[in-house]
Structure formats: structure tokens, C-alpha cells
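A.B. asks: Input: one structure, supplied below.
The values are calculated or read from the model by the stated rules, or taken from the named source; none is laboratory data. Everything quoted here is computed from the prediction, not taken from an experiment. Positions of Cβ are backbone-derived with ideal geometry, glycine not excepted, and every protein chain shown enters the neighbour counts. Note: areas computed on protein heavy atoms with side chains; ligands, DNA, RNA excluded. Shrake-Rupley method; radii C 1.70, N 1.55, O 1.52, S 1.80 Å.
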Amino acid sequence: NYSKTDYAPRISEILSPSYLLTTTVNKSDVHNVQLSIGHAFSETLWGSLALGMHNTLLISEQSQSAFSSSAKSETHGAGSSFSARLEKEFEAAKVSGFASREAVQSGSGLVETDRFGMSLNKDLTEAMTGAVDATLYRTRYIGSTSPGSRYFTFEPKLSWRFMEWWTLDSGYRYARSESDAVANATVSNVTTANAVYLNLIYNWPKMAISR
């Protein structure tokens, strides 16, 4: 007896996962020109003003390692910058207000920040002073899809120097942050924070060294 067995060839296919690594690098170049002036309107009223322009160049480079490909884009922009401050002194108090706009580099690109604020300081007694600070920030990203935001702080403070070298500081701080991102039913674009603090400070006496 004779028998023959034919074996058909087997073809196996091995599938291996492929990984795509994408790298994005952001670079920015900012040129700022500013002119400032200060003036004393009287012995108790003082102010300053600075105006300027800034030119920005934002370069975004994106590379993909799997295909060895890269893409580069450039975004040009121009904007204004300013800084203003006004201070008024009274017999036992001082009031100041300020406003500014500046552009700085961050990890997400170029950020333009507007800042507005007001401050009041008053001597309540010879040993006790009170203060109230309020500041509003407004940020936006230049040449980026990242959402901007608004940030507000309000802080009343009280300082009591109850001994020659000891001071007790207390205060309350309220902060509210709101993002320009679209909120939904599960994620809110508004966050708030409240804090009360009490600090005991020892003021080291000045040391005079004679030769």
C-alpha cells in the first residue's frame, strides 16, 4: 500500500502595532517699544503713564516621527501695551488705582494680560491699619486656540502692631476665575475660592554696625 499526504503551505500574518509620535514646538519673538512719563500734580497727587506697541512673531513647528514629516507655520501680530497709575494721599489714608496691558511668553504660547486694580490704605489708630485691595485680570492667547480667562480678587486686611517688635496681620481673600471655554452640564467654567488668614510677625530690630 502506498499513501501520499499533501501539506498545503500555511501563510501566517503578524500584525504589529505602529506608533505615531507628534511633537509640537512653539516659539515666539516679542519686540516692545514703550514711552513713559510721570507727573506730580500736587504734594498729595501723583500719576504715571506709559504707552507702547509690540510686534509678535509666533512660530509653530509640528513633526511626526513615523513619517518623518514636519510642518511649520508663522503668525505675525501687533498690539498695544500700556501702564497707568494714580495715587492720592490724605492725612491718614492713601488711595491708588492702576491699569496695564502686557504680553508675555508662556507654555501655551503668547499671553496678553490686562490688569485693573484699586487699593485703599488707612491708619485706624497709631497701632492699627486697614487696607482693601481689588484686582481684575483678563487674559487671552495670541495665535492659539487656548481659551482666555478672567480672574478677580478682593482682599480686606487688618494689621495690628500690639508690641514694639510684634505685629498681627489678618485678612480675608476672595477669588473668582472664569474661563472663556464653553461650559456644559458637567463642567463649569467658573471657580471660586475663599480664605481667611492670621499671621503673627516678629519685626527684627535694625542692627547698627560701627567701624
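A.B. asks: Figure the gain on full extension for Ser70 and Tyr137 (residue separation times 0.36 nm, minus the Cα-Cα span) and round it to one decimal in nm.
C.D. replies: Working: separation 67, 0.36 × 67 = 24.12 nm, distance 3.68 nm.
Working it through step by step, the gained length comes to 20.4 nm.
A.B. asks: Which one, Asn121, Thr135, Tyr151, projects farthest toward the positive side of the charge dipole computed for the stretch 116-161 from Cβ point charges (K/R +1, D/E -1)?
C.D. replies: Looking along the dipole axis, the top candidate is Tyr151.
A.B. asks: Another question, then. Can you give me the distance in nm between label points at Glu126 and Ala99, each placed 7 Å from the Cα along the Cα-to-Cβ direction?
C.D. replies: 4.2 nm
A.B. asks: Continuing with this model, one more query. Going by Cα centres, the stretch 139-181 and the stretch 78-107 are how many Å apart?
C.D. replies: 15 Å
A.B. asks: How much length is gained if the chain between Asn189 and Glu87 is pulled fully straight, taking 0.36 nm per residue apart and subtracting their Cα-Cα distance, in nm to one decimal? Don't skip to the end; give the middle numbers.
C.D. replies: Working: separation 102, 0.36 × 102 = 36.72 nm, distance 3.50 nm.
Taking Asn189 through Glu87 to full extension adds about 33.2 nm, to one decimal.
A.B. asks: Report Lys122's accessible area, 1.4 Å probe, all protein chains in place, as a number in Å² to the nearest 10.
C.D. replies: Counting only protein heavy atoms, the figure is 100 Å².
A.B. asks: To the nearest 0.05, how large is the calculated FRET efficiency for Gln34 and Leu158 if R₀ is 45 Å and r is the Cβ-Cβ distance? Mind showing how you got there, number by number?
C.D. replies: Numbers: r = 37 Å, r/R0 = 0.83.
Efficiency, rounded to the nearest 0.05: 0.75.
A.B. asks: Related question: I'd like the accessible area for Tyr151, computed on protein heavy atoms only with a 1.4 Å probe and all protein chains in place. Round to 10 Å², please.
C.D. replies: 80 Å²
A.B. asks: Between Asp114 and Leu45, what is the spin-label point distance in nm, taking each point 7 Å from the Cα along the Cα→C-beta axis?
C.D. replies: According to this spin-label approximation, the distance is 2.6 nm.
A.B. asks: Heavy atoms only, probe 1.4 angstrom, no DNA, RNA or ligands counted: give me Ile209, Ile142, Ile201 ranked by accessible area, highest first.
C.D. replies: Greatest to least solvent exposure: Ile209, Ile201, Ile142.
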